[in-house]
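Undergrad: Here it is: the structure, laid out below.
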Amino acid sequence: MKIARRRILREAGALGMLASVPPAWPQAATACSPAPQCRKDCGPTASATEGPFYVANAPEGVDINPGKAPGQPMRIAGTVYSEDGVTPVRRARVEIWHADAQGDYHPNGNGDISRYRRGEINLRGWTTTDDAGRYAFTSIVPARYANRRRHIHWKITAAGHAPLTTQSYWIEERGTEAERRDFTDRRVEACRWVAFQEQQGTMVGVFDIVLKNHA
Ligand SMILES: [Fe+2]
């Protein structure tokens, strides 16, 4: 077994993804269901701006709150699919970043953070999908800031596919004032509104991603 594979398995096991019983993640708690039809209806996941808080060289990790920022625990997990919406993409690199419970990023800026001290970096990280195309992160629920809806930023890259930068949202804010005053991303297809559910104090959500194939 290659080291990288062993590490992925260890991290997946720590998150309960390899348990013999169904994983703790809800299977269909997305904004539209059933999930396969939803992916077909939405098509490839739409892009959105990376915004002013993307940094280069964020750390690898599935717990992206090693700094123990206070807030409600959150798990976000899903599967990366090819353009057909059916074929999982293994070894996709999935990176997320989001604000803390006060609406601040860590660091609260952009650029290359490779020379930052570890304690200055939080709520940012990347992982790699397993053989079934699955990823999972643990963190805390971000706050809204400025005129933005509550959101998570994403960057996904995978061999044979077009890179994707996008954002996901909380479905309970769809059609609300929080959406209307946010002009960042006006046409959000159903699949990017995530229906989080509380499970033993943790907000658990599923976000599946469909990548366009390289032309
Ligand atoms: Fe943001």
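The values are calculated or read from the model by the stated rules, or taken from the named source; none is laboratory data. Keep in mind it's a predicted model, so treat the numbers as computed, not measured. Positions of Cβ are backbone-derived with ideal geometry, glycine not excepted, and every protein chain shown enters the neighbour counts.
Undergrad: List every residue pair whose Cβ atoms lie under 7 Å apart, where the two residues are 6 or more positions apart in sequence or sit on different chains, the first residue falls within the stretch 193-206 and is within 17 Å of residue 173 (Cβ to Cβ) and in contact (Cβ under 8 Å) with a residue 40 or more places away in the chain, and the second residue, located anywhere, is outside any strand (DSSP E or B) and of a type in the set (D, E, K, R).
TA: 193/174
Undergrad: Looking at (1) within 16 Å of the ligand (Cβ to nearest atom); (2) assigned to a strand (DSSP E or B); (3) in contact with a Leu (Cβ under 8 Å, 6 or more places away or on another chain); (4) not charged (D, E, K, R), which is the only condition residue 76 fails?
TA: (3)
Undergrad: Still on this structure, I have one more. Being in a helix (DSSP H, G or I) and of a type in the set (A, V, I, L, M) narrows it down to one of 215, 178, so name that one. Talk me through it step by step, then tell me what you get.
TA: Details: 215 fails: in a helix (DSSP H, G or I).
Answer to the selection: 178.
Undergrad: While we're looking at this one, here's another question. Looking at this structure, is residue 148 at pLDDT 95 or above, among the basic types (Lys, Arg) and more than 23 Å from residue 44 (Cα to Cα)?
TA: On the way: at pLDDT 95 or above: yes; among the basic types (Lys, Arg): yes; more than 23 Å from residue 44 (Cα to Cα): yes.
Taking the combined requirement at face value, the residue satisfies it.
Undergrad: Working carefully through the options 153, 161, find the one that is within 12 Å of the ligand (Cβ to nearest atom) and at pLDDT 95 or above. Full working, then the answer.
TA: Working: 161 fails: within 12 Å of the ligand (Cβ to nearest atom).
Result of the check over 153, 161: 153.
Undergrad: Same structure again: Return the total of residues in the stretch 79-108 being surrounded by 14 or more Cβ atoms within 10 Å (Cβ to Cβ) and within 16 Å of the ligand (Cβ to nearest atom).
TA: Residues that pass the stated criteria total 12.
Undergrad: I'd like the full set of residues that are closer than 19 Å to residue 143 by Cα and out of contact with any helix residue (DSSP H, G or I) (no Cβ under 6 Å at 6 or more places or on another chain), limited to the stretch 195-215.
TA: If we filter the stretch 195-215 for residues that are closer than 19 Å to residue 143 by Cα, which is where we start, we get 195-198, 201-207.
196, 197, 198, 201, 202, 203, 204, 205, 206, 207 - these are the residues of the stretch 195-215 that are closer than 19 Å to residue 143 by Cα and out of contact with any helix residue (DSSP H, G or I) (no Cβ under 6 Å at 6 or more places or on another chain).
Undergrad: If you scan the stretch 30-78, which residues turn out to be within 24 Å of residue 146 (Cα to Cα) and β-branched (Val, Ile, Thr)?
TA: Across the stretch 30-78, the qualifying residues are 49, 55, 64, 76.
Undergrad: Being in contact with a Lys or Arg (Cβ under 7 Å, 6 or more places away or on another chain), more than 16 Å from the ligand (Cβ to nearest atom) and either within 21 Å of residue 75 (Cα to Cα) or in contact (Cβ under 8 Å) with a residue 12 or more places away in the chain (or both) narrows it down to one residue among 132, 178, 136, 190; which is it?
TA: Numbers: 132 fails: in contact with a Lys or Arg (Cβ under 7 Å, 6 or more places away or on another chain); 178 fails: more than 16 Å from the ligand (Cβ to nearest atom); 190 fails: in contact with a Lys or Arg (Cβ under 7 Å, 6 or more places away or on another chain).
From the options 132, 178, 136, 190, the qualifying one is 136.
Undergrad: Looking at 22, 70, 66, which one is over 28 Å from residue 213 (Cβ atoms), modelled with pLDDT under 95 and outside any helix (DSSP H, G or I)? Break it down into steps so the answer makes sense when it comes.
TA: On the way: 70 fails: modelled with pLDDT under 95; 66 fails: modelled with pLDDT under 95.
One residue alone meets the criteria, 22.
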